[in-house]
Amino acid sequence: MPRPTTAQIAYGSVTVVFSTLAMLLLSRTTSGIGVAVIAMAALGLGLLVAMTVPAPASAAPAVPAAPERVPAQRAVLAESVREPAGP
């Protein structure tokens, strides 16, 4: 199983906190069982959100390697760079 990204952790955590607060304020529950049920529902919702955040396709785009020169090509290039002999 791949490791979660920073975005997945952040979205899941924010979802847990805000959904817990919203459900507690809307339900006005005072019992311990009610708070526990709301907390478990918020954790499940946070997990669902964290798993649905798309993960990046790859860490870095592939960079093509520079083609290697053949020794004969190096000799040709070296000959073309030399200055002609003087008179």
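The values are calculated or read from the model by the stated rules, or taken from the named source; none is laboratory data. Just so it is clear, the structure is predicted and the values come from calculations on it, not from any experiment. When we count neighbours, we look across all protein chains shown, and the Cβ atoms used for this are built from the backbone with ideal geometry, even at glycine.
Just give me the residues in segment 16-43 being modelled with pLDDT of 90 or more and of a type in the set (Val, Ile, Thr), in sequence order.
VAL16, VAL17, THR20, ILE33, VAL35, VAL37, ILE38 - these are the residues of segment 16-43 that are modelled with pLDDT of 90 or more and of a type in the set (Val, Ile, Thr).
Scan segment 23-40 residue by residue and report those that are exposed (fewer than 14 other Cβ atoms within 10 Å of the Cβ) and under 26 Å from ILE9 (Cα atoms).
Answer for segment 23-40, where residues must be exposed (fewer than 14 other Cβ atoms within 10 Å of the Cβ) and under 26 Å from ILE9 (Cα atoms): LEU25, LEU26, ALA36, MET40.
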